[in-house]
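Trainee: My questions will all concern the structure given below.
The values are calculated or read from the model by the stated rules, or taken from the named source; none is laboratory data. Fair warning: this is a prediction, and the values are worked out from it, not measured in the lab. Cβ placement follows ideal geometry from the backbone for every residue including glycine, while neighbour counts extend to all protein chains displayed. These accessible areas exclude ligands, DNA and RNA; they are computed on the full protein's heavy atoms, side chains included. Shrake-Rupley method; radii C 1.70, N 1.55, O 1.52, S 1.80 Å.
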Amino acid sequence: PELLDIAAACESFSSHPVAQSIVRAHEDHIDKTRLSNVEEIAGKGVKAVVDNLTYYVGNGQLMDLCGAKWHDCHLTGTIIHIARDCDDGCEYLGHIVINDEIKEDSASAISELKSLGIKELIMLTGDKAKVAQSVAEKIGLTGHHAELLPADKVAKVEELLSRGGEKLAFVGDGINDAPVLMRADIGITT
């Protein structure tokens, strides 16, 4: 419960879907007066002061950035790591695993798009490769690229656009998707 409490407090100012799922999982009122110096680090997570202690809540790259001695999780899902600044560096506290729930109409929506003549349906995600592959297979995508930072997503979109001839639509739901949404021929937010 302490990890979830810290993670939910740190993520409470973020509109990112992963952050919102952590806040929803907390279920209790989050006392935002405990927080200060909240800093969202694009593609990595959040750094915030909770009860006068500095916490890092995010992916492995954020753990590397703060110097925590972290370990990956054997479970499939989005892994949210939590670390805290202490006198001798950054202490790794543990992690939370979030499993995406695929909407029940996702596969049929992908199938319908294919029947309309859309040839490529590619997912660009910051999630781990195992998670991306599992989702792509379950819903019938033609491809996926995983473990991407926002700049990596832009590079993939640029690569797809460089083929020429076709229009590219991008559907995104997080602040990290803003650069890609602007670069695509058609940007759709959910």
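Trainee: Put a dot 7 Å past each Cα toward the Cβ at A169 and H71; how far apart are the dots in nm?
Mentor: Distance between the two pseudo-spin positions: 4.5 nm.
Trainee: Something else now. Can you tell me the order of 56-66, 180-190 when each peptide is scored by its average per-residue count of other Cβ atoms within 10 angstrom, highest first? Walk me through the numbers on the way to the answer.
Mentor: Working: 56-66: 21.7, 180-190: 14.3.
Highest mean packing first, the order is 56-66, 180-190.
Trainee: Taking the simple approach of a point 7 Å from Cα along Cα-to-Cβ for both A25 and L113, what is their distance in nm?
Mentor: 2.6 nm
Trainee: Helix 17-26 sits at what angle to the longest principal axis of the chain, using alpha carbons and giving 0 to 90 degrees rounded to 10?
Mentor: 50 degrees
Trainee: For the cross-link pairs K128/K156; K69/K153; K44/K167; K44/K153; K103/K153; K103/K138, which exceed 18 Å when the distance is taken from alpha carbon to alpha carbon?
Mentor: On the way: K128/K156 16 Å; K69/K153 28 Å; K44/K167 30 Å; K44/K153 14 Å; K103/K153 23 Å; K103/K138 11 Å.
Where the Cα-Cα span goes over 18 Å, the pairs concerned are K69/K153; K44/K167; K103/K153.
Trainee: How much of the pair distance distribution for segment 105-190 lies past 22 Å, counting alpha-carbon pairs only, in percent?
Mentor: Roughly 23 percent, rounded to a whole number.
Trainee: Okay, moving on. Go through the cysteines of the chain and tell me which have no other cysteine Cβ under 4.7 Å away.
Mentor: C10, C73, C86
Trainee: Once you put a point 7 Å from the Cα of N52 and another 7 Å from the Cα of E39, both along the Cβ direction, what distance in nm separates them?
Mentor: A separation of 2.1 nm, rounded to one decimal place.
Trainee: Calculate how steeply helix 2-11 sits against the longest principal axis of the alpha-carbon atoms of the chain, using the helix alpha-carbon long axis, and give the answer as 0 to 90 degrees to the nearest 10.
Mentor: Tilt relative to the chain: about 60 degrees.
Trainee: While we're here: Shape call for the chain from the C-alpha gyration tensor, a ≥ b ≥ c root eigenvalues: rounded (a/c under 1.5), prolate (a/b greater than b/c) or oblate?
Mentor: Numbers: a/c = 2.14, a/b = 1.96, b/c = 1.09.
The shape class here is prolate.
Trainee: Sticking with this structure for a sec: Using a Gaussian network model of the chain with C-alpha springs under 10 Å, which one of K130, K44, K167 is most mobile by mean-square fluctuation?
Mentor: K167
Trainee: Could you state the accessible area per residue of the chain in Å², with a 1.4 Å probe and every protein chain left in place? Numbers along the way, then the final one.
Mentor: Working: 11140 Å² over 190 residues.
Accessible area per residue: 59 Å².
Trainee: Continuing with the same structure: For the chain, what % of the accessible area comes from carbon and sulfur atoms, probe 1.4 Å?
Mentor: Working: 5630 of 11140 Å².
Its accessible area is 51 percent carbon and sulfur atoms.
Trainee: Here's another thing I want to ask about it. Could you work out how far helix 150-161 tilts from the main Cα principal axis of the chain, as a 0 to 90 degree angle to the nearest 10?
Mentor: With both axes taken from Cα atoms, the answer is about 10 degrees.
Trainee: Among the DSSP beta bridges whose two residues both lie in the chain, what percent are antiparallel, rounded to the nearest 5? It would help to have the intermediate numbers written out before the result.
Mentor: Numbers: 24 of 31 bridges.
Taking every DSSP beta bridge within the chain, about 75 percent pair in antiparallel fashion.
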